[in-house]
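Please treat every number below as a calculation from the coordinates, not as lab data. Here the structure is a predicted model, which is why all the values come from computation and not from measurement. We place every Cβ from the backbone using ideal geometry, glycine too, and count neighbours over all the protein chains shown.
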Amino acid sequence: MNGRTNRSTWRAALAAVAATALIATAAGGASESVCGTPGKRPCPLQHYMRTEVAAHLPVWWFDGDRSRGGKADKGPWKQLADGLAKVEAMNPQPGEWKHWASFSRKGAKAAREGDAGGVRSACRGCHKVYRRGYRRDYRTRKLPQ
Ligand code: HEC
């Protein structure tokens, strides 16, 4: 075994990997290698959605029981409302994505009123219309402060 050869081979391999990563970043591609895949940190909006939106849903939300949301379950879900309201400013292209703001506002209003159905349709609506495009083009984008 020649330790020196091994080490330099290893170093060359590392350099090659680093160079590949740089090229991928410069080309604006390979976002999935930066965040959001198993073992990587979550992407910025994905992290926000998990911690500032989904985390404030009432626990029964996850039962999938549509009969819930009645008087006993009523909000207001204030933190959920705040979390959703702030999503409005995270629209990556407000001029084009014209319904983003209203999904965010309607969701926040519904959360403030304890209206589970209204909240659900805001989540669904925005995800249906914008999630795919967001993940394709803006996934690594930093959130506005
Ligand atoms: C105005 C748009 C909008 C609204 C409203 C919205 N979302 Fe999202 N959400 C997104 C986008 C865009 C993504 C994709 C982010 C990514 O994967 O990088 C996302 C991703 C998520 C994720 C991350 C899933 C994962 O990959 O781990 C969760 C969880 C989530 N949303 C929950 C919710 C819930 C619950 C609601 C309603 C209470 C909601 N969202 C309302 C736009 C929205």
**Request:** Subtracting the Cα-Cα distance from 0.36 nm times the residue separation, let me have the gained length for A89 to D63 in nm, one decimal.
**Result:** 6.3 nm
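State which entries of K98/K142; K86/K109; K40/K86 exceed 18 angstrom in Cα-Cα distance in the structure shown.
K98/K142; K40/K86
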**Prompt:** So if we plug the beta-carbon distance of K40 and K109 into 1/(1 + (r/R0)^6) with R0 = 35 Å, what FRET efficiency do we get, rounded to 0.05?
**Reply:** 0.50
**Request:** Place a label point 7 angstrom from the Cα of Q145 along the Cα-to-Cβ direction, then list the residues of region 85-109 whose backbone nitrogen is under 14 Å away.
**Result:** none
